């Protein structure tokens, strides 16, 4: 059993601190009360937290999708939540998921909500899943939400497999091509150095060849190791910055929404990510409103379903406008994060008093459009990567051939 660090007061009002061993926080509180103490705070001590954190492993999307779907089916069949979790815990073939479900079941048995129990395991349950479960518990449609999370998780797995499958061939060519180019620049190009040096002394060496020789010198020196080490260290610090700081997470979410303007259209992966987030938000908000949850409460729940802090901030502003008696379409439009057609449809839905149905229609249409964009994006990855590799090899050949052609009078 884990150890809990506590701060409490005795009957005389004196403050006491210490540790207590208990199966759960509620048991620790009961034990302290039995000793005549008034607990002020009870939490896992640092050693228990570190042990718990080290024991948590990531759970595969395939197992999570099956868990969400099976839990939804059990609840729809009338099986109580606690009993359903117990059944799925015993049935699970994934040790990591089984350990997570054991803790989730214990938390639910203590009277905690399912979303709060899931939030304790961020490596297993995403913010989106926790937010959607919160919405389901608030609106009384948990079974439907779990089924939707299962479909979304399965779709993510299919998309990831599709992208990885499409990248296998181009990545193989990229790795092999890069190895060949680096090998040529490191071992083959230096053989031409005497010829190129003579041409450089007379000012006849082309700029492309000068750049190639400089790259060869760098790769053959210790600077190559310095650059590789700097890239690795920079990548590590960037990941820590994004993962461990609120500012880093916000900036990462801003980058995720970035796209290039081409005329009136925006291209890139950013618009695709934005459309997926908006579709999730509209579907959750529409479902909450359809189930009778007040609009202000629905907005504050649904904003977390976007999975993006930039969009959540825009929705939070819209929620504040509701408290002032204004519509939500205006603040969403002025944020610049929501497409004009989406905000126009929301405005029409507010005026016609059928906002929940309009939001569901927006989600359906946006998901269909985004699915076509994703398919096109995946199809373009292979030719783009092949073109990049062909360009690098072409540059190498031209840089080597130009001095020879120039010295022979052909170029």
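The values are calculated or read from the model by the stated rules, or taken from the named source; none is laboratory data. Since the structure is predicted, the reported quantities are computational estimates derived from the model, not experimental observations. Don't worry about glycine lacking a Cβ; one is built from the backbone with ideal geometry, like all the others, and counts go over all protein chains shown.
Considering (1) assigned to a loop (DSSP other than H, G, I, E, B); (2) farther than 20 Å from residue 281 by Cα; (3) within 31 Å of the chain's Cα centre (by Cα), the lone condition that residue 160 does not fulfil carries the number (1). Scanning the stretch 11-70 for residues that are modelled with pLDDT of 70 or more, assigned to a helix (DSSP H, G or I) and touching a strand residue (DSSP E or B) at 6+ places or on another chain (Cβ under 7 Å) yields a count of 4.
Residue 146 passes every criterion in (1) under 18 Å from residue 86 (Cβ atoms); (2) under 21 Å from the mean Cα position of the chain (by Cα); (3) assigned to a loop (DSSP other than H, G, I, E, B) apart from (3). If I ask for residues that are without any contact (Cβ under 8 Å) to a residue 12 or more places away in the chain, touching a helix residue (DSSP H, G or I) at 6+ places or on another chain (Cβ under 8 Å) and within 18 Å of residue 286 (Cβ to Cβ), which ones from the stretch 314-351 would you list? Across the stretch 314-351, the qualifying residues are 348, 349.
A single member of 232, 227 is surrounded by fewer than 15 Cβ atoms within 10 Å (Cβ to Cβ) and in contact with a helix residue (DSSP H, G or I) (Cβ under 8 Å, 6 or more places away or on another chain), and it is 227. Applying the condition of being out of contact with any helix residue (DSSP H, G or I) (no Cβ under 8 Å at 6 or more places or on another chain) and touching a residue at least 12 places away in the same chain (Cβ under 8 Å) to the stretch 112-130 and asking which residue is nearest to residue 308 (Cα to Cα) yields 126.
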